[in-house]
Structures are given as C-alpha cells and as structure tokens.
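Just below is one structure, and these are the notes that go with it.
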Amino acid sequence: MTVARVPYVADPDFTTLCECGCDTPAPIATYSHAPRGWVKGQPKRFISGHNARLDKARDFDASYAVEDRGFPTPCWIWQGYLDDHGYGRVNQGRGPELAHRVFFQRAHGSLPPVLHHRCAVTSCVNPSHLQATTHNEHTRIEQAKRTHCRRGHGYAEHGYTRPGGARYCKACERQNSRRRAHAA
C-alpha cells in the first residue's frame, strides 16, 4: 500500500515574530536545516541577519567587573571578548564595535571620533574615564607618556623635539648617520 505524501502547508493566519525583537513576522523555511533549527514549512527563528541583534539586548550592566586600578573612581573592566590590543569588543548588529565606545555613546548620546582612556586601562568601559579628543591630541597624549626611544635611550638625556612637535632620539640619529656614512 502506497501512502501519498502531502506537503505541510503552514496556516496563513499563523505567524511567528522574529526573535530579535523587531516585531516583524519571521519567514517560513523552504527546506529543513537541523543545525539552524529550520523545519520545512515552519517559521524560522530569525529574519536573515537579525540573529546578530540579540547582543543589542544584552544586559550591559552585567558585562563588566568593577575593579580599583589606582584611578580616583573604579574601572569597569569588560568581561567579554578582548581584541589583540586589550580593547573590549561587542557585536551590535553592524559588526564588532569597541565596547568603551558603546558605553560612552549610551552615557553621552554622541560619539566623538577618538576617545582617550584617562585611566590607561584599555579594557575599561567606564564613561567617566573616557575623554573625547581629536586624533592629533590623542597622539600627543600618548607620545608624552613615552620616556624612552625604541632602543632604550631616555628622552630626558638623548631626546629632542622638532619644531613640528615630533620627538626623536639624538643617540639613535647619531648611530643611523654613522651607519649611512660607512655604507657610502
């Protein structure tokens, strides 16, 4: 005896909303895909690309630890993913963003092009530790922290500041000029 297979047809009055919270009806799966949880004819969990929006709803207040790192107010240390430079990263639906920039924008509304960590802790997301600066100002602040050149000569005894503000090491410059003279 042969049993005719009748394809499942979803009830047109039944809709499931996208689980990202956008209140848009989720599409019906045209085929089954077990790893994604799709069943042919059943609504999918998300509209394509909306699964990344779940991080937007993340409880940001539970995603950092409060630690005293020597600054007048405690640092909020990011507990999520850290990139190679020690900055926290969070996915906001448009791709990964720097966590300290997300916290600053939530606290102040606007987002400047460059933020400087006054506490010098790159994983800190405390908005009161972040200072809005220009790129040039941020570069000047970071260069002022350097006390030695790459080869270890102290700027106090070997350093020189050019009229444009750039610093270089006289000892390294002397070594380089000797090397160039011997090569010629």
Practice item. Mind listing whichever residues of the range 140-165 are surrounded by 14 or more Cβ atoms within 10 Å (Cβ to Cβ) and either in a loop (DSSP other than H, G, I, E, B) or of a type in the set (Ser, Thr, Tyr) (or both)? Key: Cys149, His153, Tyr155
Practice item. Return a yes/no flag: does the range 124-135 have any residue that is touching a His at 6+ places or on another chain (Cβ under 6 Å), in a loop (DSSP other than H, G, I, E, B) and under 17 Å from Ala65 (Cβ atoms). Key: yes
Practice item. Determine, yes or no, whether Ala29 is buried (at least 16 other Cβ atoms within 10 Å of the Cβ), over 26 Å from Gln131 (Cβ atoms) and modelled with pLDDT of 80 or more. Key: yes
Check your understanding: Name the pairs whose Cβ atoms lie under 6 Å apart, with the first residue in the range 26-42 and outside any loop (DSSP other than H, G, I, E, B), the second loosely packed, with under 15 Cβ neighbours inside 10 Å and of a type in the set (Gly, Ala, Ser), and 6 or more positions between them or separate chains?
Key -> Ile28/Ala10; Trp38/Ser32
Review point. Taking the range 112-139, which residues are charged (D, E, K, R) and either surrounded by 14 or more Cβ atoms within 10 Å (Cβ to Cβ) or farther than 30 Å from Cys169 by Cβ (or both)?
Key: Arg118
**Study point:** For Arg179: the one exception among (1) at pLDDT 85 or above; (2) outside the structural domain of His85 (by TED's automatic domain parsing); (3) under 34 Å from the mean Cα position of the chain (by Cα)
**Key:** (3)
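The values are calculated or read from the model by the stated rules, or taken from the named source; none is laboratory data. This is a predicted model, so every value here is computed, not measured. Reconstructed Cβ throughout: ideal geometry from the backbone, glycine too, with neighbour counts over all protein chains shown.
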